[in-house]
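For reference, the structure is listed below as structure tokens.
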Amino acid sequence: MRKIIEPLKMKDTARAEFDGWAHKYDRSILQRFLFKPSHDLIMSEIDSGRHVRILDIGCGTCVFAFRMASQFPYSSIFCMDLSCEMVGKAKKKLDLAVTAGGAGTVKIKIADSEHLPYASNSFDYITCSNSFHHYPRQERVAREMHRVLKPGGRALIVDGFKDNIVGRFIYDGIVEWLEGDVRHLNSGDFKELFGKAGFSPVKHRNNFKGLPIMMVVATAKK
Ligand SMILES: C[S@@+](CC[C@H](N)C(=O)[O-])C[C@H]1O[C@@H](n2cnc3c(N)ncnc32)[C@H](O)[C@@H]1O
């Protein structure tokens, strides 16, 4: 049974966690063992041979966005995050990169994933790495993702894989104990949620280098 979480409380918990973590986030051991492999997985799904508009939701300090900017130099990359401190840190890095003559295509905003401050039908890809479990009203986020994607655009979401007993122990046990109010979905939940929001097909990949993560690839049908 799904536990009831008060949405504002859940957002406050996430904001406080990441405001507090922002100054040392880029040096976290998780960058190497969890976030980089997640970013690799998402990037393997992006067609780098043409100009694409990418929106990174829950961008954190934009480690991933800057990587995409250098790997896909002809793309436009837009980023948003709920935490002022994470965005503040990302903007400082952006200023330094622009001064040095790079990463000019990255644009960053403070926003809530439930209300994406972007025009409808404006992105080829939405990327979302290890952030979706922080959203209290995930069905609203899925609908917003569908709204801002172009017809045939794809949402690429990486989060914990909890389809088996090990995953449930990690995410419903350890991670919930560490992070407080979070909501990890299994692949069936993702399929249902994104199907209802207008995506088809909704596929998933797991077993990535043995890590307990999963990527959902959902195509916006319009
Ligand atoms: C574990 S970090 C991942 C950061 C980045 N995606 C990465 O892979 O390095 C999760 C991020 O989600 C953000 N977040 C949590 N709730 C959010 C919401 N409702 N809207 C937007 N961002 C949110 C947090 O502030 C945090 O920066």
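The values are calculated or read from the model by the stated rules, or taken from the named source; none is laboratory data. Remember, it's a predicted structure, so these values are computed and weren't measured experimentally. Positions of Cβ are backbone-derived with ideal geometry, glycine not excepted, and every protein chain shown enters the neighbour counts.
Values as computed for the structure displayed
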| read-out | value |
| --- | --- |
| Residues that are out of contact with any Ser or Thr (no Cβ under 8 Å at 6 or more places or on another chain) and not aliphatic (A, V, I, L, M), drawn from the stretch 26-47 | Arg27, Ser28, Gln31, Arg32, Phe33, Lys36, Pro37, Asp40, Ser44, Glu45, Asp47 |
| Complete set of residues in the stretch 10-43 that are among the polar types (S, T, N, Q) and either at pLDDT below 95 or in a helix (DSSP H, G or I) (or both) | Thr13, Gln31, Ser38 |
| Matching helices (runs of 4 or more DSSP H) fully within the stretch 162-220 where at least 3 residues are over 19 Å from the mean Cα position of the chain (by Cα) | 165-168 |
| Matching option when the condition is near the ligand (Cβ under 10 Å from one of its atoms), touching a residue at least 24 places away in the same chain (Cβ under 8 Å) and among the hydrophobic types (A, V, I, L, M, F, W, C), among Leu34, Leu41 | Leu34 |
| Every residue from the stretch 121-160 that is aliphatic (A, V, I, L, M) and either touching a Gly at 6+ places or on another chain (Cβ under 8 Å) or assigned to a strand (DSSP E or B) (or both) | Ile126, Leu149, Ala155, Leu156, Ile157, Val158 |
| Val52 being within 18 Å of the chain's Cα centre (by Cα), among the β-branched types (Val, Ile, Thr) and within 10 Å of the ligand (Cβ to nearest atom) | no |
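Every residue, every condition in (1) under 20 Å from Pro37 (Cβ atoms); (2) at pLDDT below 95; (3) within 14 Å of the ligand (Cβ to nearest atom), yes or no:
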position: Ser75; (1), (2), (3): no, yes, no
position: Met80; (1), (2), (3): no, no, yes
position: Gly88; (1), (2), (3): no, no, yes
position: Ala97; (1), (2), (3): no, yes, no
position: Ala103; (1), (2), (3): no, yes, no
position: Lys109; (1), (2), (3): no, no, yes
position: Ser113; (1), (2), (3): no, no, yes
position: Gly153; (1), (2), (3): no, no, no
position: Asp159; (1), (2), (3): yes, no, yes
